[in-house]
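Written below as structure tokens is the structure these notes are about.
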Amino acid sequence: MRIATKLRVMSLLPIALALLVALVTMEAFRRVRASARRSRMANQAVIGVFELNILTYDFLQYRSERARRQWQQRHGSLLSDLAELDYPRPESRERLAELHEGLAELHEGLGELAVIFEELAAHPGEDDLAHEYRTMLAGQLLAKSHALVSLAAQLGAQGEARAAHLQNQAAILIVALVFALAVAVAAASLHIGHTVIRGMARLRQGAETLGTGDLEHRLKVETGDELGELADAFNRMARNLQAITASRDELDREVAEHQRTLRRLEASEERFRSLVANIPGAVYRCACDEQWTMQFISDAIEELSGYPASDFLHNRVRSYSSIIHPEDRPLVAEAVQEGVTTREPYAVEYRIVMADGHERWVYEKGRAVFDQEGGLQWLDGAIFDVNERKEAEQNLRDALAELERSNRELEQFAYVASHDLQEPLRKIRVFGERLETKCADALPAKGRDYLQRMVNAAERMSELIDDLLALSRVTTRGEPFVPVDLERLTAEVLADLEARIEQADARVEVNSLPTIEADPTQMRQLIQNLLSNALKFTRQGVPPVVKVSAELDHDAPAGEVCRLTVQDNGIGFDKRHLDRMFDVFQRLHPRGEYDGTGIGLALCRKIALRHGGRITATSRPGEGSTFIVTLPVRHTGERRKDARSDHDSDGR
């Protein structure tokens with residue numbers, strides 16, 4: 001049974017008691033009227049006063065509106081009954097007057113108390129003074145009611161002994177019924193109170209457990225009343241709180257992760273600022289517009305331009321475009337536009353006009369940044385100071401030009417000097433030969449020895465001058481680069497060296513050789529010198545074997561190159577002498593062992609350098625040598641131009 005239903009049943013018990021009391025009273029009145037017909041009116045008055053007293057008690061005890069209406073009705077009927085009584089004796093009339101007066105006072109007091117009860121029902125709660133007054137008034141009413149009962153009893157005591165006895169029995173029965181009903185109400189109240197208190201205790205215990213953090217705690221109340229519904233509501237609240245707590249924990253984790261992310265971002269920003277501050281240049285982010293509007297630019301721009309970085313941000317004071325040299329602005333715009341179009345990094349060197357009016361060379365490198373849809377967002381890049389490098393490059397160009405002029409003068413001088421020395425040497429050789437032919441018999445043995453030494457020295461001097469002339473002519477009298485068939489050229493050189501090859505009993509193997517762009521004459525000199533050295537520096541008793549081969553490298557950084565290799569089985573050399581063996585006049589062996597001037601390999605290196613290549617060698621003493629010449633297969637326009645200028649400088 002629901003608690004509300006139990007409470008409604010309890011509220012109906014006083015009404016049932018009042019009905020029962022009324023029935024018992026009516027039965028008592030019936031018996032009294034039957035036993036005391038002659039004192040009917042007096043008995044009715046006595047009974048009426050007694051009933052009024054009971055109704056007064058009932059009203060005071062239960063504050064029932066029905067009891068109040070019965071009391072008023074009974075009061076009215078009692079007054080009607082008393083109006084019909086007429087006692088001849090003065091003392092009886094005085095008691096009757098007192099009874100009328102007491103009923104009027106009782107009616108007035110009961111009305112006042114009814115008003116108090118109505119106000120108390122409308123506004124629960126009263127102060128101590130009001131409670132004390134209400135208690136006093138109720139006591140007075142009860143006292144007055146009892147007094148009236150006594151007075152009415154005195155009026156009917158003489159002839160109504162039997163009626164009084166019946167009334168006493170009825171009163172005892174009513175009290176017994178009231179007591180029994182009170183006991184039932186108390187028992188029901190205790191049962192309801194026990195049920196409610198026990199349920200509330202379990203709810204309080206559950207709330208305390210929930211308060212300790214145990215969100216999985218649930219109440220198990222399987223009653224069908226309000227406590228069961230409250231327990232279900234408590235369990236739903238616990239589940240919701242558990243879900244909310246889980247969401248809060250997740251939120252706390254997200255907040256903690258967000259805070260860690262913020263700290264990482266702050267650390268990253270600090271590292272970025274430190275990195276930007278240590279970059280030897282100005283880092284920027286700008287819009288791709290005509291003014292290069294800066295969204296960010298590091299403080300290093302002030303060192304470059306003399307203007308603070310804040311001047312360029314969003315063109316507050318000046319745009320970056322305004323400090324670019326007017327002649328270089330189209331160059332910068334073209335480089336950036338090409339980088340945007342190709343989506344590749346761009347690089348450009350240009351001049352800026354500093355705050356003091358001076359010009360400074362800078363090098364800028366950057367790239368365009370696009371969004372996911374392919375829209376251009378901004379430009380990121382860095383600007384570096386290259387003014388010193390530019391000045392150094394200019395100084396280097398000037399020095400190279402001066403060195404080139406000096407080298408040309410030296411080469412021209414060497415050519416002229418060598419050419420002028422040929423005539424005296426020819427005369428020395430001619431007159432030496434004449435002395436040897438015509439006057440040899442007239443000379444003593446020592447004189448003939450001196451004469452032979454003089455002729456040999458003149459011949460060596462002539463060879464040296466010829467080699468010096470060939471060395472100087474590499475740059476002064478070089479031919480333009482044309483396609484040269486190395487295989488055919490090598491065959492021609494071997495034809496020239498046919499006598500030496502037969503004399504040395506040598507074998508020369510030539511593999512397939514490519515065609516390259518080169519100076520034909522110098523290529524002949526290079527191959528002839530390498531083959532001559534292979535035939536010259538041979539081991540005694542070992543027939544020379546010379547192998548000529550070549551391979552093409554298509555993946556070389558400088559473009560396609562040809563590696564020409566001349567390998568022999570001669571005496572070889574120690575790799576420690578590799579660096580100096582290509583210098584002029586450097587000999588690894590005494591002149592008495594092998595003839596030569598020490599210029600042949602220097603001439604080969606100079607030819608290789610003129611063609612944009614290089615020469616090196618590998619060897620071990622007694623195991624032969626391998627000379628490797630690396631030459632471009634084709635030359636760029638600049639290299640062809642240099643070759644033509646070398647050719648034209650000779651005046652041909």
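Structure values in brief
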read-out	value
Of residues in the range 496-538 being part of a helix (DSSP H, G or I), aliphatic (A, V, I, L, M) and under 23 Å from Met581 (Cβ atoms), the one most open to solvent (accessible area, probe 1.4 Å)	Ala504
Condition met for Gln503 (free of Cβ contacts under 8 Å to residues at least 24 places away in the same chain and within 22 Å of Pro621 (Cα to Cα))	no
Number of the condition not met by Arg329 [criteria: (1) touching an Asp or Glu at 6+ places or on another chain (Cβ under 8 Å); (2) open to solvent by 50 Å² or more (accessible area, probe 1.4 Å)]	(1)
Residues (in contact with a Phe, Trp or Tyr (Cβ under 7 Å, 6 or more places away or on another chain), more than 14 Å from Gly366 (Cβ to Cβ), among the small types (Gly, Ala, Ser) and in a loop (DSSP other than H, G, I, E, B)) located in the range 286-331	Ser319
Flag if Gln372 is open to solvent by 70 Å² or more (accessible area, probe 1.4 Å), in the same structural domain as Gly306 (by TED's automatic domain parsing) and over 24 Å from Arg318 (Cβ atoms)	yes
Some residue of the range 83-96 being open to solvent by 70 Å² or more (accessible area, probe 1.4 Å) and at pLDDT 75 or above	yes
Where Leu469 falls short, out of the listed (1) at pLDDT 70 or above; (2) of a type outside the set (Val, Ile, Thr); (3) farther than 30 Å from Arg539 by Cα	(1)
Test result for Thr195, in a helix (DSSP H, G or I), among the polar types (S, T, N, Q), more than 30 Å from Asn53 (Cα to Cα) and modelled with pLDDT under 70	yes
Qualifying positions in the range 319-358 - of a type in the set (A, V, I, L, M, F, W, C) and over 36 Å from the mean Cα position of the chain (by Cα)	Ile323, Ile324, Leu331, Ile352, Val353, Met354, Ala355
Condition met for Val493 (at pLDDT 80 or above and either of a type outside the set (Gly, Ala, Ser) or surrounded by fewer than 13 Cβ atoms within 10 Å (Cβ to Cβ) (or both))	yes
Matching residues, the range 546-578, being open to solvent by 30 Å² or more (accessible area, probe 1.4 Å), in a strand (DSSP E or B) and under 21 Å from Ala499 (Cα atoms)	Lys547, Gln567
Qualifying residue in the range 24-37 (condition: of a type in the set (D, E, K, R), open to solvent by 20 Å² or more (accessible area, probe 1.4 Å) and modelled with pLDDT of 75 or more)	no
Residue that is open to solvent by less than 100 Å² (accessible area, probe 1.4 Å) and modelled with pLDDT under 75, where the choices are Ala414, Ala382, Ala355	Ala414
Where a residue in the range 324-351 is more than 12 Å from Cys288 (Cα to Cα) and its partner, wherever it lies, is open to solvent by 90 Å² or more (accessible area, probe 1.4 Å), with Cβ under 7 Å and at least six apart	His325/Glu359; Pro345/Lys365; Pro345/Arg367; Tyr346/Glu338; Tyr346/Arg367; Ala347/Lys365; Arg351/Glu359
Number of the exception - Gly541 against (1) closer than 20 Å to Ser619 by Cβ; (2) touching a residue at least 24 places away in the same chain (Cβ under 8 Å); (3) not in a strand (DSSP E or B)	(2)
Number of positions in the range 362-401 that are of a type in the set (Asp, Glu) and in a strand (DSSP E or B)	3
Any chance Leu609 is modelled with pLDDT of 70 or more, surrounded by fewer than 18 Cβ atoms within 10 Å (Cβ to Cβ) and more than 17 Å from Arg539 (Cα to Cα)	yes
Pairs with Cβ under 7 Å, 6+ apart, first in the range 606-625 and farther than 24 Å from Ala506 by Cβ, second open to solvent by 40 Å² or more (accessible area, probe 1.4 Å) and among the charged types (D, E, K, R)	Ala608/Arg614; Gly612/Arg639
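Residue-wise test of (1) among the hydroxyl-bearing types (Ser, Thr, Tyr); (2) surrounded by fewer than 13 Cβ atoms within 10 Å (Cβ to Cβ); (3) not assigned by TED's automatic domain parsing to the domain that holds Gly374.
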{"site": "Trp292", "(1), (2), (3)": "no, no, no"}
{"site": "Ser298", "(1), (2), (3)": "yes, no, no"}
{"site": "Ile301", "(1), (2), (3)": "no, no, no"}
{"site": "Leu304", "(1), (2), (3)": "no, no, no"}
{"site": "Val317", "(1), (2), (3)": "no, yes, no"}
{"site": "Ile324", "(1), (2), (3)": "no, no, no"}
{"site": "Ala333", "(1), (2), (3)": "no, no, no"}
{"site": "Thr341", "(1), (2), (3)": "yes, yes, no"}
{"site": "Glu344", "(1), (2), (3)": "no, yes, no"}
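The values are calculated or read from the model by the stated rules, or taken from the named source; none is laboratory data. Given the structure is predicted, the values throughout are model-derived calculations rather than measurements. For neighbour counting, all protein chains shown are included, and Cβ atoms are generated from backbone atoms with ideal geometry for every residue, glycine included. Just so you know, the surface numbers come from the protein's heavy atoms only, side chains and all, with ligands and any DNA or RNA stripped out. Shrake-Rupley method; radii C 1.70, N 1.55, O 1.52, S 1.80 Å.
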